[in-house]
Amino acid sequence: MFNVASLKDKAASAKNSTVNKFHDTRDRYSSTPMAQTRFAEGGHAPDARKAPPPPPPMRAGSHASRASTSSRASEEGVRAPPPVLRSSKPALSASPSPVPSNPGTPPAISNRPPSFSRRAPGTHPPTINVDTIDWANLSSEDKQEFFSWLDEFFARFLHSDAKPVGNVAQAPHPRTSVKEDIEKAESPQPVVKPAVGTRPGPPPAIKSWSKPVISPSVTGAEDDNFETSYPPRSTYGCQALDLAYYFHPDTHWDTAWYAEQGAVPPPLRDNPHRLYKGQYTTHGDTRGVHMGVLFADLSVCWFSVSFSASNPAHPARIVERTARYLPPPPALDGDALVQAHETYGETAAGFAEGFLGGGSFCARGECWDLANEALKYFEQFDYVDAPLPSLNRTHGHLIFSGRALGPGRQAGRWRGGDDRVRRGDIVEWRSVRINFVGAPPGSYAFLGDPEHTAIITADAVPTRTPRDGESVLPGELRQLEVVEQSRNQPPEPKKQVYDMAAFEEGEVWIYRPVSMQVYLGIGELVCEPAPQALSI
């Protein structure tokens, strides 16, 4: 005959057996920690909490260094909850409970364990109904045992202080026992809501180490007047036009700079953001200075000065001074930019990756050298247009410029018709605080002292399709994979992946290597002005 108490004992026995098997298996397959082995004593044990790859450290002109780690994950271990001791369970009375009035006469329940006998070959095994419960004929003792078990379960489940009922005389619960509730339910009863005290309490507190780290959201700063510090501002709209106005006949010159050795005009002497090519001529008593200048904003100026060699310092002896210029070119459309990528991108990226694992730097080992030498590499291919050379911090067609104004505040602008940053593009950082992809929260790296240059080796697709002139946040680029080098980080370039959502300080520019002829309308910088050059 089925006995509720025996069913509970069977469940407890099965639980204890499972726990014992678990501990046996765990002990059998556990191993000595690495830190306690002789292998660790020799200094060869791997560090499970190894720091992320270090960024390039500081150098003169460019660096990327890990400055600090302000927050770390807690080292508190995760422990399994301790097993519930049987001694902590409420004792159940073994004596029979008082029989309520008119309990009926249930069948007797036998506590004798079932016996088993061998059957003769060829006979069918008898049908045994194991644990079949006759709910309609439960004895009062079985009901009391079953109700006590339910009280114990719900007391634990609801975190209640109510103790399970062992017998009716011991029940301290403030409301009717579960047993009486069910017996009264045999006749129709109105629905009674549970007492307020039986509602489950608040969930347990979540430890800080188990909480997921949520990256701060990135919002766009006011960028109606979005500007960056590079290239430098001009007076008349572009640097070439500023220089052209210096050669206007109405502009007064304080010195005869044109007669000096080198003959560089004063506006160019303190301007590092330019390339120039000069030529000096002599025809009898007349000498001439002719020069072409390419500026960092990709405007171009050509000028000429002719003067008398017999008395060069006298203003009346200047025979002629002229200047012509080309303003910065407009942005290219998508097809032209994709074509530029197909011509130069893969070769530039492959050039940078060729130094990985080679044990040597590119050129001097400066970050700028990697981009400069990659663009100069195309000189050996006479069937390819010469790309725009690296000019200070300009390396081609500007694709994107952005800045960070503090944690979570960014601004940026997209330029051109392409819809993504592509492999082989060149990134320029200025005084940047950023983090690596996968680095611990709170850590960061500084890029630039104040500038730092790298070559991008994987496409970066923004979270939405950008259009020329639209506001695009740096964080919308997601991440930038680059190859970079620093003289102070021997012995070779390294590959890094930067998290653009963690870009918190500084400025960034991304350039696309492009044909100088296609973009500027001149195949090379010469002293004679281009036919399409403008006059002031």
Inset, instruction - Note down the net charge around His290, summing +1 for each Lys or Arg and -1 for each Asp or Glu among other residues with Cβ under 13 Å from its Cβ. - result: +2
Legend entry - Stretchable slack from Val437 to Leu356, in nm (0.36 nm times residue separation minus alpha-carbon distance): 27.2 nm
Inset, instruction - At 1.4 Å probe size, with no ligands or nucleic acids counted, give the accessible surface of Lys376 in Å², nearest ten. - result: 90 Å²
Inset, instruction - Please find the FRET efficiency linking Val526 to His283, where r is the Cβ-Cβ separation and R0 is fixed at 22 Å, and quote it to the nearest 0.05. - result: 0.65
Inset, instruction - Take each of the peptides 258-270, 402-414, average the number of other beta-carbon atoms within 10 Å over its residues, and list them starting from the highest. - result: 402-414, 258-270
Inset, instruction - Return the carbon/sulfur percentage of the accessible area of region 409-514, one whole number, probe 1.4 Å, all protein chains in place. - result: 42 percent
Inset, instruction - First check a/c for region 309-440, with a ≥ b ≥ c the square roots of the eigenvalues of its C-alpha gyration tensor; if it is under 1.5, answer rounded, and if not, answer prolate when a/b is larger than b/c or oblate otherwise. - result: prolate
Inset, instruction - Please work out whether region 476-515 counts as rounded, prolate or oblate from its C-alpha gyration tensor, where a ≥ b ≥ c are the square roots of the eigenvalues and a/c under 1.5 means rounded, while otherwise a/b larger than b/c means prolate and anything else oblate? - result: oblate
Inset, instruction - Would you rank His290, His395 by solvent-accessible area, highest first, keeping every protein chain in place and using a 1.4 Å probe? - result: His290, His395
Legend entry - Whether region 371-437 is rounded, prolate or oblate, judged on the alpha carbon gyration tensor where a/c under 1.5 counts as rounded: prolate
Inset, instruction - Starting from the amide H of Arg422, placed 1.01 Å from N in the peptide plane, find each other amide H under 5 Å away whose residue is 5 or more places distant or on another chain. - result: Ala460
Inset, instruction - Count the net charge of all other residues whose Cβ sits under 13 Å from the Cβ of Thr281, scoring Lys and Arg as +1 and Asp and Glu as -1. - result: -2
Legend entry - Accessible surface, 1.4 Å probe, highest first, among residues His341, His397: His341, His397
Inset, instruction - Mind ranking 324-332, 502-510, 139-147 by how tightly packed they are, going by the mean number of other C-beta atoms within 10 angstrom, highest first? - result: 502-510, 139-147, 324-332
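The values are calculated or read from the model by the stated rules, or taken from the named source; none is laboratory data. Predicted model, so just to flag it, every value in this text is computed and none were measured. Note: ideal-geometry Cβ built from the backbone for every residue, glycine included; neighbour counts use all protein chains shown. The area values use the complete protein model at the heavy-atom level, side chains included, leaving out ligands, DNA and RNA. Shrake-Rupley method; radii C 1.70, N 1.55, O 1.52, S 1.80 Å.
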